[in-house]
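Here's the structure we're looking at; comments come further down.
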Amino acid sequence: MEAQPRIEVIAFPKYTPEENPKEATWKDLKEEVSHHRWHETMADLRTAIDGYYQAGKKHVVNFLQKFGYRWVDGVIQPLPQTV
């Protein structure tokens, strides 16, 4: 496995979902998108999942802008300074 200078791999213990932060995202996704909801097709389910992630991204972008940053091609950058 090639080392990447900007990526740190964190190995969580097996069978301990409560210690893995991504598990909370999966749980929330399930509750928001599929729990007690019927999707006629896989395409409908994919659209619902995409909507969930797009809404989350919108909140992250708004949060960054509030504190003087922006999201450009997956990179957080400071907003241009205005005088």
State which residue is surrounded by the fewest Cβ atoms within 10 Å (Cβ to Cβ) when the search covers only the stretch 62-83 and only residues that are more than 29 Å from Lys30 (Cα to Cα) and among the polar types (S, T, N, Q).
Thr82
In the list Lys22, Lys27, Lys57, which residue meets the criterion of being at pLDDT 85 or above, basic (Lys, Arg) and within 14 Å of the chain's Cα centre (by Cα)?
Lys27
Positions within the stretch 61-83 being of a type outside the set (S, T, N, Q) and either touching a Cys at 6+ places or on another chain (Cβ under 6 Å) or not in a strand (DSSP E or B) (or both), in sequence order
Val61, Phe63, Leu64, Lys66, Phe67, Gly68, Asp73, Gly74, Leu79, Pro80, Val83
Contact list please: Cβ distance under 9 Å, first residue in the stretch 55-83 and among the aromatic types (Phe, Trp, Tyr), second residue outside any strand (DSSP E or B) and surrounded by 10 or more Cβ atoms within 10 Å (Cβ to Cβ), pairs at least six apart or on different chains.
Tyr69/Phe63; Tyr69/Leu79; Trp71/Lys57; Trp71/Val60; Trp71/Val61; Trp71/Leu64; Trp71/Gln65
Anything in the stretch 4-61 that is surrounded by 11 or more Cβ atoms within 10 Å (Cβ to Cβ) and among the polar types (S, T, N, Q)? List them, or say none.
Asn20, Thr25, Ser34, Thr47
Condition first: farther than 30 Å from Gln81 by Cβ and either of a type in the set (S, T, N, Q) or touching a residue at least 24 places away in the same chain (Cβ under 8 Å) (or both). Can you find one or more residues in the stretch 2-19 that meet it?
yes
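The values are calculated or read from the model by the stated rules, or taken from the named source; none is laboratory data. Computed from a prediction, not measured in an experiment: that's the story for all the values here. Quick reminder, even Gly has a Cβ in these numbers, built from the backbone with ideal geometry, and neighbours come from all protein chains shown.
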